[in-house]
Structure formats: structure tokens, C-alpha cells
1. Restricting attention to the range 196-214, report how many residues are over 17 Å from residue 5 (Cα atoms), touching a residue at least 12 places away in the same chain (Cβ under 8 Å) and within 11 Å of the ligand (Cβ to nearest atom).
2. For residues that are in a helix (DSSP H, G or I) and within 11 Å of the ligand (Cβ to nearest atom), tally how many sit in the range 113-132.
3. Kindly list, by first and then second residue, each pair from a residue in the range 118-132 that is in contact (Cβ under 8 Å) with a residue 24 or more places away in the chain and closer than 21 Å to residue 192 by Cα to a residue that is more than 10 Å from the ligand (Cβ to nearest atom) and assigned to a loop (DSSP other than H, G, I, E, B), limited to pairs with Cβ atoms under 7 Å and residues at least 6 apart or on different chains.
4. Checking the condition closer than 13 Å to residue 105 by Cβ and surrounded by fewer than 18 Cβ atoms within 10 Å (Cβ to Cβ), which residue from 63, 73, 30, 55 passes?
5. So which residues in the range 133-159 are more than 11 Å from the ligand (Cβ to nearest atom), surrounded by 12 or more Cβ atoms within 10 Å (Cβ to Cβ) and touching a residue at least 24 places away in the same chain (Cβ under 8 Å), if there are any at all?
6. Go through (1) assigned to a helix (DSSP H, G or I); (2) within 14 Å of the ligand (Cβ to nearest atom) one by one and return the number of the condition residue 93 breaks.
7. So residue 86 passes all but one of these: (1) free of Cβ contacts under 8 Å to residues at least 60 places away in the same chain; (2) in contact with a helix residue (DSSP H, G or I) (Cβ under 6 Å, 6 or more places away or on another chain). Which condition number does it fail?
8. Among the numbered criteria (1) surrounded by 15 or more Cβ atoms within 10 Å (Cβ to Cβ); (2) modelled with pLDDT under 95; (3) within 20 Å of residue 88 (Cα to Cα), which single criterion is violated by residue 12?
Ligand code: HEM
């Protein structure tokens, strides 16, 4: 359910802010950064518990649990599979790099809030993990953070301008393992709570299956038209 709400929220925000992001990318990064810091602050100080439950559950939680960031990555990845662009997807394509940077900024919120506990356990005390799945998910999250930072830095236009097109394109291919490792990260956590998370498992799996089919389709069409 949270993923579907996150997806609707993401699409609505991107739709409402697309022109602003295109015109003022740096201000958009700054606003996202400030928002992320505020969310981290609310959780660190536990002020979130004093806020209205609906806001905490449906808005703050979406940022804390990495859902907003992940749904942005989903939009970015699906845009890469579109065969015939409409005027709207074309507009989204123009800000694809910018929205992926914003996704990374919001992912940092999730990484910092959860990393505070889980990275400490990973470094100093593995016995604290509830089960092997949690440990594996956190190890996968380290790979995710490394890949994300590489993708994020190279998405800035000023960094991109300093690289050859070929090297930049090859680096951007890391987005595929990054995207699929998110699925592994989530599934590793959720299979250990199978009964409770069955709906989420089904929704994530359907989204990734549709993505894989669309991606393979696009590759096939490209090969045929060469
Ligand atoms: C770029 C890096 C990351 C991405 C994109 C990501 C994404 C996600 C997503 C999409 C979920 C499932 C949310 C849901 O549907 O409820 C999740 C759950 C979780 N992640 Fe991450 N994650 C990342 C890094 C991390 C890091 C660094 C940690 C901790 C060290 C972490 C710990 C967790 C935990 C504990 C959950 C379970 C939360 C819950 O069930 O409420 N993640 N992550």
C-alpha cells in the first residue's frame, strides 16, 4: 500500500514541479536536501511521534522507508523503456538526470535514519541482527549506497561535461544492477515477514517484472532496427 501511495505522490510531485526543476535544478536539489535534513531531524529527535498520525504514517514514513526515493528511481528506469514518447514523457525525459539526483538525495534520508542503527551493528556487533536476512539486506544496502553515490555524482551536468560520452554511458549502466539490488534488498527483508508483507512482495515483483519485459522489448527493437 505504502508503495502505491508513494508512487502516486511521486508522480504528482514530478508533474507539479517539472518546469521548476528544469529551470532551477540547483534550487530543487537544495529544497530536497533541506527537506531530507528536516525529516532526519524529526526522526532523530522523535518529534515525529507528536505529529498527526496521518501525516507521520503516509508522508514522513514514505521518505523514511526509502519509498519516495525508490519510486523516483522507478520513474527514471521506466522512462528509459518508453518506445514512443508522449509530450508528457518527453517533458519527464528532459529532467531525467535532475530527478535521479533528487531521488538520491531522498535516499540519503532513508540511509541515514536506518544506517544509524544497522551500520553500527554491521561494523561492531552482528549478533544484534534479528536474522540472517537482515544482515544480508544491510550488506546489500552498502553496495546500493556505493553505486548510488557513483551514479549521483556523475549525473551532475558539470561532472558529466568533464567525461567522455562513452565512459559516462558505461558508468550509467550501473543503474541496472543498482535498480535490481533494490529489489533484492527489499525482498530479503520482506521474505522473513512473508505473511505480513505478502501484498508488498506481490506489488514489487509485478513492477519489476513489467520493467524487465519492457526493457528487454526495447533492447530487441533496437537490435532489429540496427
Ligand atoms: C540507496 C540505498 C537504498 C535504497 C534505494 C533502499 C530502498 C528501500 C526500500 C524501497 C525499502 C522498502 C520500503 C517499503 O516498501 O516498506 C527499504 C526497506 C528497508 N531498508 Fe533500505 N534502501 C537503501 C539503503 C538502506 C540502508 C543503507 C539501510 C540500513 C543500513 C537500509 C535499511 C532498510 C530497512 C531496515 C528496511 C525495512 C524498513 C521497513 O520494513 O519499514 N536501507 N529500503
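The values are calculated or read from the model by the stated rules, or taken from the named source; none is laboratory data. This is a predicted model, so every value here is computed, not measured. Virtual Cβ from ideal backbone geometry, glycine too; neighbours counted across all protein chains shown.
1. Residues that pass the stated criteria total 0.
2. 11
3. 131/192
4. 30
5. Result: 136, 150, 155, 156.
6. Condition (2) is where residue 93 drops out.
7. (2)
8. With respect to (1) surrounded by 15 or more Cβ atoms within 10 Å (Cβ to Cβ); (2) modelled with pLDDT under 95; (3) within 20 Å of residue 88 (Cα to Cα), residue 12 is out only on (1).
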